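Novice: Structure in structure tokens, see below.
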Amino acid sequence: MKKVCFIVIVFIVSASRIQAQSFHFGVKAGTNLSQIMGRSFNEGFQWGFSAGAFAELNFNSKWGIQPELLFNQTKTQTASDFNEVYNQGFNSTSVNLNYLNIPILLSYKIIPILTIQVGPQFGILMNTSQNITSNASNAFKSGDFSIVGGAQVNLGGFKAGARYVSGLTNIDNVTSVDTWKNQNFQLYIGFRIL
């Protein structure tokens, strides 16, 4: 985790020195509508919280990148006992996964106020709040790789956007019987600080 954060910071600082006039930094917050796809979990989406910081590095008037550092909650429901997860599916136990996500998005301005964004995201599982890990020490993998796509409205220093995040890796760390993948819809607002 320290290596990934260090690489992102070095990249941002290096790019800002090359083109200081096209570098911006800000904060953002919003909500996640998330689910974990897999037979062991409820297939409905649940609300979670998202907050963090972003940087904008513009190469020219159309193209740029937007690296971010975000705290995201992923919520779902499953059984209250680990054996029930595989035998009967979900019941009523809430599962909260807290991720530190690092998306690095390629940005393209369609018009001056509308940007389309796409890119990879790496998530680091910070902690879990659920019962099944007490019976199986680490039910979820510590890392998650995803693809992100969305649009962002830019009104001066104000930002508002919507994204879809689709997990590409199996986060099931227990068995190969099932495949668990994150899926999120995100809505957010943000403000440029500098």
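Novice: Fewest Cβ neighbours within 10 Å first, please rank Ile110, Ile116 accordingly. Could you put the intermediate results ahead of the total?
Specialist: Working: Ile110 10, Ile116 14.
Taking fewest neighbouring Cβ atoms as first place, the list is Ile110, Ile116.
Novice: OK, next. So for the pair Ile147, Asn96, with labels modelled 7 Å out along Cα→Cβ, what separation do we get in nm?
Specialist: 3.2 nm
Novice: When a footprinting reagent is the concern and you count Cβ atoms within 10 Å, what order do Ser107, Ser34, Ser22, Ser61 take, fewest first? Each step should come with its number before you reach the end.
Specialist: Numbers: Ser107 20, Ser34 23, Ser22 15, Ser61 9.
The order, fewest Cβ neighbours first, is Ser61, Ser22, Ser107, Ser34.
Novice: Out of residues 5 or more away from Glu56 or on other chains, whose amide H comes under 5 Å of its own, with H placed 1.01 Å from N in the peptide plane?
Specialist: Counting only residues 5 or more places away or on other chains, the set is His24, Phe25.
Novice: Ok, one more. Pop the C-beta distance of Lys62 and Met126 into the FRET formula with R0 = 45 Å and round what comes out to the nearest 0.05.
Specialist: That pair, Lys62 with Met126, gives E of 0.80.
Each reported figure results from applying straightforward, stated rules to the coordinates on display, with no laboratory input. As the structure is a computational prediction, the values presented were derived from the model and not from experiment. Here Cβ is always computed from backbone atoms with ideal geometry, including for glycine, and neighbour counts include all displayed protein chains.
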